[in-house]
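Bear in mind these aren't lab numbers, they're just calculated from the coordinates by the rules spelled out. These numbers come from a predicted model, not from an experiment. Glycine also receives a Cβ, built like all others from the backbone with ideal geometry; neighbour counts cover every protein chain displayed.
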Amino acid sequence: MIKVEFLGPIGKKPMTVKAKDLKSLSKILKENKEIKKWLKISAVAVNGEIVKDLKTKLQRGDTVSLLPPVCGG
Amino acid sequence: MLKIYKKPLKREKVLKKWTDSIPNSKHGAFVTFVGIIRDENNIDGLSFDIYEPMVKKWFKKWNKIAKKNNSKIYMAHTVGDVGLNEISYIAGVSSPKRRFALETIDKFVEDFKANAPIWKYDLKNGKRVYAKDRSTKISGSGLLS
């Protein structure tokens, strides 16, 4: 299982899903209307590293984080 | 040196700690940036969420750059509420020479704004509202859309 966490203002509790790569995770997340609207503006990290390739493979125990637009300071 | 505080920052305290920790007597330059909450849009203050594991990773990259140049980089940030005229963010660079310190503080603060996983909210009429319009998409956003 993959843990998906929703950071900052998304304000959703983490969920666990079955997905072999980011592409299949994308399909799963798009089914949820609330999450879908954040996908366009959110970056994705796997185990704390930002990833930019939809083909990125996922393994059991991985954590995927969704990061909406940031503004520190 | 990176530290997250649960209260607004005390400038003197943070800067003293950093100055005392400057690694040797060869750092002739110490540049700091202090972020103060300004009074605008009728806010009562700002509030911040921080994703610490990734902030640490992000900061490590800058640590490496500083070390390579025999310099040191510092950052303090508040998680939670910060009132008007209070301090939420301090960054610093100490270095043997001024050029590296001056140039690096600029790049560091800009990269911080664009990529550090920190989220800002306006505090207004007792509500905490995500400052979406003033936030920046991290490079690579939209991958799953």
| task | Give the dimensionless ratio obtained when the Cα radius of gyration of segment B:1-64 is divided by 2.2 N^0.38 Å. | result | 1.40
| task | For chain A, just say rounded, prolate or oblate: build the C-alpha gyration tensor, square-root its eigenvalues into a ≥ b ≥ c, call rounded for a/c under 1.5, and beyond that prolate if a/b exceeds b/c, oblate if not. | result | prolate
| query | Helix B:98-115 sits at what angle to the longest principal axis of chain B, using alpha carbons and giving 0 to 90 degrees rounded to 10? | reply | 30 degrees
| request: Based on a Kirkwood Rh over C-alpha pairs, give the Stokes-Einstein translational diffusion coefficient of segment B:91-145 at 4 °C and viscosity 1.567 mPa s in µm²/s. | output: 93 µm²/s
| request: Give me the aspartates and glutamates in straight-line cross-link reach of A:K55: C-alpha distance below 20 Å, same-chain residues under 8 apart excluded. | output: A:E5, A:D21, A:E31
| message | I need B:T104, B:T136, A:T63 ordered by Cβ neighbour count within 10 Å, fewest first. | response | B:T136, A:T63, B:T104
| field | Centroid-to-centroid separation of segment B:77-96 and segment B:30-45 [C-alpha atoms, Å] | value | 9 Å
| query | If you take the beta carbon distance between A:N47 and B:D106 as r and set R0 to 35 Å, what does 1/(1 + (r/R0)^6) give as a FRET efficiency, to the nearest 0.05? | reply | 0.70
| Looking at the P(r) of chain B, how many percent of alpha-carbon pairs lie beyond 20 Å? | 51 percent
| note | Filtered hits (lysines, Cα-Cα < 16 Å from A:K33, offset >= 8 within chain) -> A:K12, A:K13
| field | Of A:T16, A:V44, A:I28, farthest towards positive along the dipole that unit charges on Lys, Arg, Asp, Glu beta carbons give chain A | value | A:I28
| said: Averaged across B:115-122, how many Cβ atoms of other chains sit within 10 Å of each residue's Cβ atom? | reply: 6
| query | Using alpha carbons only, how many degrees (0 to 90, rounded to 10) separate the axis of helix B:52-68 from the longest principal axis of chain B? | reply | 30 degrees
| field | When the convex hull of its Cα atoms is projected in every direction, mean area for the protein assembly as shown (nm²) | value | 12.9 nm²
| task | As a check on your grasp of the helix formula, calculate [θ] at 222 nm for the protein assembly as shown: sum -39500 (n - 2.57) over DSSP H runs of n ≥ 4, divide by the residue count, round to the nearest 500. | result | -9000 deg cm²/dmol
